[in-house]
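Notes follow once the structure below has been shown.
The values are calculated or read from the model by the stated rules, or taken from the named source; none is laboratory data. Keep in mind that what you see is a predicted model, and the values were worked out from it rather than measured. Cβ coordinates were reconstructed from backbone atoms using ideal geometry, including for glycine residues, and neighbour counts include every protein chain displayed.
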Amino acid sequence: MAAIVLIAGLVHAVSLAWPFAEPFDGGAAWLPARGVPLWPLQWAALAVLAWHWRHAVSARQALWQGWCFATAWLAATFWWLVVAMHVYGGLWLWLSLVAVVLLAAFLASYYAVLGYVLRRWMLQRPLAWGLAFACCWTLAEGLRSWVLTGFGWGGVGYAWVDGPLSATYPWVGVFGAGWLAAALAAVPAVWMVLGQRVRSVVLAVCAAGLLLGWLLPPAAQNFTASSGVLRVELLQGAIPQDEKFEMGTGIPLALDWYGAQLRSAQSDLVLAPETAIPLLPYQLPGDYLSTLQQHFAASRTTALVGIPLGNQQVGYTNSMLAWGSNPALAQWRYDKHHLVPFGEFIPPLFKWFMRLMSIPLDSFARGDLGQVPLPVAGQLVAPNICYEDLYSEEIATRFAKPDQQPTILANVSNLAWFGNTVALDQHLHISRVRAMEFQRPVLRATNTGATAIVSHTGQVVVALPYGERAVLQAAVQGRSGLTPYARWVAAYGLWPLWALCLLLWWGLWRWQQGSRP
């Protein structure tokens, strides 16, 4: 039984983004391309766990099954952390593997505990059990994305970015879609004990919902309208990570290449990735920044560039600076708010672990939540850095003030830490979901990929090849207006969703208690 659950967890990871490419697939036409999300696999894998939880002989067995499934799923989802720790951080390979498995095992504990709770207070009514399973699963997803600043990478809702449940993103977001995915996965576990009439109703509801989501055109859910066109240039420097912070190789290459591309830009906005300028301002050649500032002060182009700021006394920030002819830009900057554990801040008791690796600038200060967007040619661009776009509730705070609601989202990243792995594809899907939740186009400027433009319907309009040093030039259409998801999350955060899950589970349990003789 444990082997089946472990295999299901591995399949669950594969469903988020197919990780294999040539020569592994041998070019077989029947295999998916690398990075493709496979929602049927997600449903099937989670259905295996639901079946095991439903038929667990004890709460302890349910806990063990949930822990095995989630550990395998999460470790296989973000295995690429090994690349950052071992290849670029210099940590021993065995210790890197152990660290990833331990992280996955810790995060898996949320699912294990809620599996225990679900079995301990078993709901006998099959439909009630299926709904309770969806609630418990969604609450575990929420805990994983929130506790200790959270690490929600690989949530089940992202597997449906090309599936029928993507139609629910503008209403309930990725967590709401995850609840529906879990409810669908619970159906096989209770199917045999449902009455014939109830089976017919469940089958009709599931089929109608999936068919509607599959056939409903994006235009039918247009909650936003065009706010004009912005011409953009997205820079992908492809600086090798093992050279990026080296004075004799990567640093001069970055300063020369990005400097040249910034000065030659002719668009409304030129966007350079996270730490495109890899040095603190006082470490740069004396006139480097001032020359760029003076250039854009006399230009119609606005530049938005990733650069670390600060010093040891005031603290460091992972930031973005803007330069342009608008005098207001002289004071504009964006400081990353949601920092990466072990990459940008050290959790308590783990300083010894960071000393084993050679990762520069591993302790940053947080920027404020809900920083003002960047005004560019009639548009408002809201940037975020690296995996900040994983947290839609934080992005939603940018929509709270009507006069500051962004018309375009922008993400700048440096995923070269993880090599040419499926991490790049997974992050692209995250941006696609954010685009659909808020119905805003997303600009992605990265060091090695995926540098792309995502439309407000979540489609990749154009993208650069991974690992290629190039400039992406295109026009993007800004959007104004709010989706239902943006409205309620901007006002209340995700708390209504968590409260509904708790209330529904409690109501189902009370209903069962009241129905007993």
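Hey, among the residues in segment 312-338 that are in contact with a helix residue (DSSP H, G or I) (Cβ under 7 Å, 6 or more places away or on another chain) and part of a loop (DSSP other than H, G, I, E, B), which one's modelled with the lowest pLDDT? Looking at the filtered set, the residue picked out is H338.
Being in contact with a Cys (Cβ under 9 Å, 6 or more places away or on another chain), of a type outside the set (S, T, N, Q) and buried (at least 16 other Cβ atoms within 10 Å of the Cβ) is a property that E233 lacks. Filtering R197, R263 for residues that are surrounded by fewer than 18 Cβ atoms within 10 Å (Cβ to Cβ), farther than 30 Å from V471 by Cα and basic (K, R) leaves a single hit, R197.
The number of residues in segment 474-492 being under 29 Å from L415 (Cα atoms) and loosely packed, with under 15 Cβ neighbours inside 10 Å comes to 1. Would it be correct to say that L280 is buried (at least 16 other Cβ atoms within 10 Å of the Cβ) and either of a type in the set (A, V, I, L, M) or at pLDDT 95 or above (or both)? No.
In the set (1) out of contact with any Phe, Trp or Tyr (no Cβ under 7 Å at 6 or more places or on another chain); (2) touching a residue at least 24 places away in the same chain (Cβ under 8 Å); (3) farther than 29 Å from T483 by Cα, the condition left unmet by W137 is number (3).
Of the helices (runs of 4 or more DSSP H) entirely within segment 417-517, those holding at least 3 residues that are assigned by TED's automatic domain parsing to the domain that holds G259 and within 22 Å of P375 (Cα to Cα) occupy 423-438.
Test T317 against the stated conditions and say whether it is touching a Leu at 6+ places or on another chain (Cβ under 7 Å) and in the same structural domain as Q477 (by TED's automatic domain parsing). It is true that T317 is touching a Leu at 6+ places or on another chain (Cβ under 7 Å) and in the same structural domain as Q477 (by TED's automatic domain parsing).
Condition (residue is modelled with pLDDT of 95 or more, of a type in the set (S, T, Y) and in the same structural domain as I7 (by TED's automatic domain parsing)) applied to segment 41-60: is it met by at least one residue? No, every residue in segment 41-60 fails to be modelled with pLDDT of 95 or more, of a type in the set (S, T, Y) and in the same structural domain as I7 (by TED's automatic domain parsing). Here the condition is being out of contact with any Cys (no Cβ under 9 Å at 6 or more places or on another chain) and part of a strand (DSSP E or B); of G248, G259, G213, G228, it holds for G228 alone. Scan segment 402-424 and give yes if some residue there is in contact with a helix residue (DSSP H, G or I) (Cβ under 7 Å, 6 or more places away or on another chain), of a type in the set (S, T, Y) and surrounded by fewer than 24 Cβ atoms within 10 Å (Cβ to Cβ), otherwise no. Scanning segment 402-424, I find at least one residue that is in contact with a helix residue (DSSP H, G or I) (Cβ under 7 Å, 6 or more places away or on another chain), of a type in the set (S, T, Y) and surrounded by fewer than 24 Cβ atoms within 10 Å (Cβ to Cβ), so the answer is yes.
For segment 127-142, the criterion of being farther than 23 Å from H55 by Cα and either at pLDDT 90 or above or crowded, with 21+ Cβ neighbours inside 10 Å (or both) is met by at least one residue. Quick one: would you say V190 is surrounded by 15 or more Cβ atoms within 10 Å (Cβ to Cβ), modelled with pLDDT under 90, in contact with a Lys or Arg (Cβ under 9 Å, 6 or more places away or on another chain) and not acidic (D, E)? So V190 passes the test. In the set (1) touching a residue at least 40 places away in the same chain (Cβ under 8 Å); (2) crowded, with 19+ Cβ neighbours inside 10 Å; (3) touching a Leu at 6+ places or on another chain (Cβ under 8 Å), A104 fails one condition alone, (1).
Residues in segment 152-170 that are part of a helix (DSSP H, G or I) and either modelled with pLDDT of 95 or more or buried (at least 21 other Cβ atoms within 10 Å of the Cβ) (or both): V156, G157, Y158, A159, W160, L165, S166, A167, T168, Y169, P170.
Residue count for segment 311-337 satisfying the condition of being under 14 Å from G367 (Cβ atoms), over 25 Å from the mean Cα position of the chain (by Cα) and surrounded by fewer than 18 Cβ atoms within 10 Å (Cβ to Cβ): 2. Residue selection: L148 fails the criterion of being surrounded by 14 or more Cβ atoms within 10 Å (Cβ to Cβ) and in contact (Cβ under 8 Å) with a residue 12 or more places away in the chain.
Flag not set for G213, criterion: in contact with a helix residue (DSSP H, G or I) (Cβ under 6 Å, 6 or more places away or on another chain), in the same structural domain as G310 (by TED's automatic domain parsing) and crowded, with 17+ Cβ neighbours inside 10 Å.
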